[in-house]
Amino acid sequence: MSGDIVQQLGTLTLGIKHLGRMPRFSDLTPSSLPSPSPTVAASQVPALFREPYILSGYRPVQQHWRCYLLSLFQRHNESLNVWTHLLAGPVLLLRWWANVGALGYTLDAASLPLSLFLVSSLTYLFFSVAAHLLQSHSEHAHYFLFFMDYVGVAVYQYGCSLGHYFYTSEPAWRESLVGLLFLPGAAVFGWLSCAGCCFAKSRYRRPYPTRRKICQMVPATLAYVLGVSPVVHRLITVSWTQEPSLPFHALQIASLLLSALFFSCPIPERFFPGRCDFVGQGHQIFHIFLSLCTVFQLEALFQDYARRRDTAVEVFGERQLWWACASFPALFLCCILMALLTMRHMAKQLQGKQERDEVTKCW
């Protein structure tokens, strides 16, 4: 009898302890599902997965895929990179529907570039979330997912260019040499942006040399400078008091420049190694500013679309609108092909590395 009382008291004490703490992730998931392992230090993961000045919060490699999916609700050093872009998607959709209700929208040739801008934005957000959430599974997954992330960036760059050309550009700019070469140039630079990033990722190993950043930044910068040129021309030549979209355009440029700064430089973690492992990394700040840039672009393009939707077909011609938009899936397929070819090359390298490691173990 006394043994039963002791057992009941023990059970009651255990229950009280559980009430006194926050529930763990493993308490909220069915026991049949694999739970994410505790995060580990940088020294416990391969060099490929380590980020400069980020010393902890890494997820162990070679776990079940479900572990990485469920790590969406775990605290690790990629959490904010995932959530910043995961939440940006619904924000864009909400602003889309709000603008549709306020300004009106019909799906036709005149509105197609605006629709493709939304598609391109959701594409880069989706690929970014997938890369940061799942890349820790293996070296093969890491390379493949980030190659697809570069595809999303290139598609987004071209989607922005389509919106800027058809809704934001002024006649004087379109008649210039830059305006005449704009659409083919934007497609070429978008593809080069993807190709440069894929090459840099596959070519260089940690610690990354400066050449890697150059290969990434130069094509992306050229694509951005060309893509934003009609916006800059309009900001300079048109009165801001007469155009409600111009403040949003100015904000999108400011946000993009700030995002480029934090993408290029590992700040502030460079000055506080280990202090920004979970919150405050430069890449997280880059994600926030890039998301803001996309939201500002959406607001600006809707304002420009409302002003020009009745004249877009007359000014550009329905044929040019359809051909320009048909180049969007063509660019997407070209970038996918580039990513797959680069991944094929990387897969051979990874297989050779694995075979060499096995031989070394045998010796």
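The values are calculated or read from the model by the stated rules, or taken from the named source; none is laboratory data. Quantities reported herein were computed from a predicted structural model and do not represent experimental measurements. Cβ placement follows ideal geometry from the backbone for every residue including glycine, while neighbour counts extend to all protein chains displayed. Surface accessibility is based on the protein's heavy atoms, side chains included, excluding ligands, DNA and RNA. Shrake-Rupley method; radii C 1.70, N 1.55, O 1.52, S 1.80 Å.
Pairs only if they're at least six apart or on different chains, beta carbon under 7 angstrom, first in the range 94-114 and within 19 Å of residue 312 (Cα to Cα), second open to solvent by 50 Å² or more (accessible area, probe 1.4 Å) and not in a loop (DSSP other than H, G, I, E, B); list them, first residue then second.
109/313; 109/318; 109/322; 110/313
So which of 237, 221 ends up being of a type outside the set (A, V, I, L, M) and over 26 Å from residue 155 (Cβ atoms)? Give the derivation first.
Values: 221 fails: over 26 Å from residue 155 (Cβ atoms).
Answer to the selection: 237.
Determine whether the range 286-309 contains at least one residue that is in contact (Cβ under 8 Å) with a residue 60 or more places away in the chain and over 20 Å from residue 159 (Cα atoms).
Within the range 286-309, not a single residue is in contact (Cβ under 8 Å) with a residue 60 or more places away in the chain and over 20 Å from residue 159 (Cα atoms).
Being touching a Lys or Arg at 6+ places or on another chain (Cβ under 9 Å) and at pLDDT below 95 narrows it down to one residue among 212, 309; which is it?
On the way: 309 fails: touching a Lys or Arg at 6+ places or on another chain (Cβ under 9 Å).
Of 212, 309, the one residue that is touching a Lys or Arg at 6+ places or on another chain (Cβ under 9 Å) and at pLDDT below 95 is 212.
If you check every pair at least six apart or on different chains, which have Cβ atoms under 8 Å apart with a residue in the range 263-284 that is more than 14 Å from residue 80 (Cβ to Cβ) first and a residue that is surrounded by 18 or more Cβ atoms within 10 Å (Cβ to Cβ) and hydroxyl-bearing (Ser, Thr, Tyr) second?
Within 8 Å, the pairs are 266/53; 270/53; 272/53; 273/53; 274/53.
What is the number of the single condition among (1) closer than 27 Å to residue 56 by Cβ; (2) open to solvent by 30 Å² or more (accessible area, probe 1.4 Å); (3) touching a residue at least 60 places away in the same chain (Cβ under 8 Å) that residue 233 does not meet?
If we test residue 233 against (1) closer than 27 Å to residue 56 by Cβ; (2) open to solvent by 30 Å² or more (accessible area, probe 1.4 Å); (3) touching a residue at least 60 places away in the same chain (Cβ under 8 Å), just (1) comes out false.
Only one residue in 91, 119, 82 is open to solvent by less than 20 Å² (accessible area, probe 1.4 Å), under 19 Å from the mean Cα position of the chain (by Cα), modelled with pLDDT of 95 or more and of a type in the set (Val, Ile, Thr). Which one? Break it down stepwise before answering.
Values: 91 fails: open to solvent by less than 20 Å² (accessible area, probe 1.4 Å); 119 fails: open to solvent by less than 20 Å² (accessible area, probe 1.4 Å).
Going through 91, 119, 82 in turn, just one is open to solvent by less than 20 Å² (accessible area, probe 1.4 Å), under 19 Å from the mean Cα position of the chain (by Cα), modelled with pLDDT of 95 or more and of a type in the set (Val, Ile, Thr): 82.
Take the conditions surrounded by fewer than 14 Cβ atoms within 10 Å (Cβ to Cβ), modelled with pLDDT of 90 or more and either within 26 Å of residue 163 (Cβ to Cβ) or touching a helix residue (DSSP H, G or I) at 6+ places or on another chain (Cβ under 8 Å) (or both) and apply them to residue 126. Does it pass?
Values: surrounded by fewer than 14 Cβ atoms within 10 Å (Cβ to Cβ): no; modelled with pLDDT of 90 or more: yes; either within 26 Å of residue 163 (Cβ to Cβ) or touching a helix residue (DSSP H, G or I) at 6+ places or on another chain (Cβ under 8 Å) (or both): yes.
For residue 126, the condition - surrounded by fewer than 14 Cβ atoms within 10 Å (Cβ to Cβ), modelled with pLDDT of 90 or more and either within 26 Å of residue 163 (Cβ to Cβ) or touching a helix residue (DSSP H, G or I) at 6+ places or on another chain (Cβ under 8 Å) (or both) - is not met.
Restricting to the range 49-71, name every residue that is of a type in the set (A, V, I, L, M), touching a residue at least 60 places away in the same chain (Cβ under 8 Å) and surrounded by 15 or more Cβ atoms within 10 Å (Cβ to Cβ).
Initially, the range 49-71 is screened for residues of a type in the set (A, V, I, L, M), giving 54-55, 61, 69-70.
Going one step further and asking which of them are touching a residue at least 60 places away in the same chain (Cβ under 8 Å), we end up with 54-55, 61, 69.
Result: 54, 55, 61.
Taking the stated definitions as given, is residue 340 open to solvent by 30 Å² or more (accessible area, probe 1.4 Å) and under 27 Å from the mean Cα position of the chain (by Cα)? Steps first, please.
Values: open to solvent by 30 Å² or more (accessible area, probe 1.4 Å): yes; under 27 Å from the mean Cα position of the chain (by Cα): yes.
Spelling it out, residue 340 is indeed open to solvent by 30 Å² or more (accessible area, probe 1.4 Å) and under 27 Å from the mean Cα position of the chain (by Cα).
What residue, among those in the range 272-321 that are over 16 Å from the mean Cα position of the chain (by Cα) and β-branched (Val, Ile, Thr), is surrounded by the fewest Cβ atoms within 10 Å (Cβ to Cβ)?
In this case the residue turns out to be 311.
Here are some residues: 245, 239. Which one is over 23 Å from the mean Cα position of the chain (by Cα) and open to solvent by less than 30 Å² (accessible area, probe 1.4 Å)? Lay out the reasoning, then the answer.
Values: 239 fails: open to solvent by less than 30 Å² (accessible area, probe 1.4 Å).
Going through 245, 239 in turn, just one is over 23 Å from the mean Cα position of the chain (by Cα) and open to solvent by less than 30 Å² (accessible area, probe 1.4 Å): 245.
Scan the range 116-131 and report the pairs whose first residue is more than 14 Å from residue 147 (Cα to Cα) and whose second residue is of a type in the set (Val, Ile, Thr), with Cβ atoms within less than 7 Å and a gap of 6+ or a chain change.
Final answer for the pair search is 120/155; 121/294.
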